[in-house]
Amino acid sequence: MKKGTLKQILLITDGCSNRGESPAATAAIASQQGITVNVIGILNDDQTEDPEGLREVEDIALSGGGVSQLVYKQALSQTVQTVTKQAMTQTLQGFVNQELKQILGPNQSMEDLEPEKRGEIMEVVEDMGETCDLEVLVLVDTSASMHDKLPTVKEALVDLSISLNARIGRNRFCIFSFPGKRESIQKVFDWSPKLDAVSTVFPKLTSGGITPTGPAIREAMYQFGKKSLLRSLRNEDKSSMEESGY
């Protein structure tokens, strides 16, 4: 089975979007493009779960084919790792189910198989989870209420990088914040295999303003295509230089 690249947007926020298009609708578009949208909602220490915020976090992840979790900031680091890995497994199981439907017919799925066969397939899924390439675009809400949570977000992302770099497959991360100064989102950290250098960029993050989650997801989705385009242009340039004898 072909091991492709899993693409994830990991949205970290603490409130409801209040500007622009529906985040759930935009997440659905991303999912159609093969990009899973996962959402972590950070609760304040004295906050009971806000039904409206909870609903939006769940709706975005459901529409984006991803995983959602509400968490108090002390547990953020473990949650970021868990959500990312759960989403990988969920996406890979989806791929496997599609392959099985082609082999066994449209009415069969993994759940219909006998336990022994199902166990073998789950081993394949676990192996793919270790060996496939992973690209995670972290989208951090930096609206005013997130100010005191940003140091915890930074620590959680460094831990995520360390945890995932134990995998055999290639990892690439980047970080964008929203709202941006002029655009919906702002690049904080360019595509890299490790997030340990994130400590240098987080002090520069300023919090404030509105929460345009829908437009932010849409702009984040485009970043995957831009990266592929840049890579193909570089390869074309390299080929041209080789053909010219440089």
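For segment 190-210, how many residues are surrounded by fewer than 19 Cβ atoms within 10 Å (Cβ to Cβ) and touching a residue at least 24 places away in the same chain (Cβ under 8 Å)? Give the derivation first.
Keep residues of segment 190-210 that are surrounded by fewer than 19 Cβ atoms within 10 Å (Cβ to Cβ), which gives 190-194, 196-197, 199-201, 203-210.
Now narrow it down to the ones that are touching a residue at least 24 places away in the same chain (Cβ under 8 Å): 191, 193-194, 196, 199, 201, 205-210.
Within segment 190-210, residues that are surrounded by fewer than 19 Cβ atoms within 10 Å (Cβ to Cβ) and touching a residue at least 24 places away in the same chain (Cβ under 8 Å) number 12.
Here are some conditions: (1) within 25 Å of Thr13 (Cα to Cα); (2) in contact with a helix residue (DSSP H, G or I) (Cβ under 7 Å, 6 or more places away or on another chain); (3) not in a strand (DSSP E or B). Gly169 meets all but one. Which one does it not meet?
Of the numbered conditions (1) within 25 Å of Thr13 (Cα to Cα); (2) in contact with a helix residue (DSSP H, G or I) (Cβ under 7 Å, 6 or more places away or on another chain); (3) not in a strand (DSSP E or B), the odd one out for Gly169 is (1).
For residues that are among the hydrophobic types (A, V, I, L, M, F, W, C) and buried (at least 20 other Cβ atoms within 10 Å of the Cβ), scanning just segment 56-87, find the one that is farthest from Gly214 (Cα to Cα). Steps first, answer last, please.
Keep residues of segment 56-87 that are among the hydrophobic types (A, V, I, L, M, F, W, C), which gives 57, 60-62, 67, 70-71, 75-76, 80, 83, 87.
This time we only want the ones that are buried (at least 20 other Cβ atoms within 10 Å of the Cβ), so: 57, 60-61, 67, 76, 80, 83, 87.
Working: Val57: 12, Ile60: 9, Ala61: 12, Val67: 17, Leu76: 23, Val80: 21, Val83: 20, Ala87: 20 Å.
Applying the filter and picking the extreme gives Leu76.
Quick one: what pairs do we get from segment 15-39, first residue within 23 Å of Val80 (Cα to Cα), second outside any helix (DSSP H, G or I) and open to solvent by 50 Å² or more (accessible area, probe 1.4 Å), C-beta under 8 Å, 6+ apart or different chains?
Partner pairs satisfying both residue conditions: Gly34/Lys7; Ile35/Lys7; Thr36/Lys7; Val39/Gln69.
Right, Gln108: open to solvent by 10 Å² or more (accessible area, probe 1.4 Å) and under 22 Å from the mean Cα position of the chain (by Cα) or not? Steps first, please.
On the way: open to solvent by 10 Å² or more (accessible area, probe 1.4 Å): yes; under 22 Å from the mean Cα position of the chain (by Cα): no.
No.
Which one is most open to solvent (accessible area, probe 1.4 Å) among residues in segment 171-189 that are within 18 Å of Gln81 (Cβ to Cβ) and touching a Pro at 6+ places or on another chain (Cβ under 8 Å)?
Arg172
Scan segment 136-153 for residues that are under 16 Å from Gln81 (Cα atoms) and crowded, with 20+ Cβ neighbours inside 10 Å and jot them down.
Looking only at segment 136-153, we keep the residues that are under 16 Å from Gln81 (Cα atoms), and these are 136-140, 152-153.
If the condition is that a residue be under 16 Å from Gln81 (Cα atoms) and crowded, with 20+ Cβ neighbours inside 10 Å, then Val136, Leu137, Val138, Leu139, Val140, Val153 are the ones that fit.
The values are calculated or read from the model by the stated rules, or taken from the named source; none is laboratory data. All values reported here derive from a predicted model rather than from experimental measurement. Please note: Cβ atoms are built from the backbone with ideal geometry, for glycine as well, and neighbour counts cover all protein chains shown. Calculation scope for accessible area: heavy atoms of the full protein, side chains included, ligands and nucleic acids excluded. Shrake-Rupley method; radii C 1.70, N 1.55, O 1.52, S 1.80 Å.
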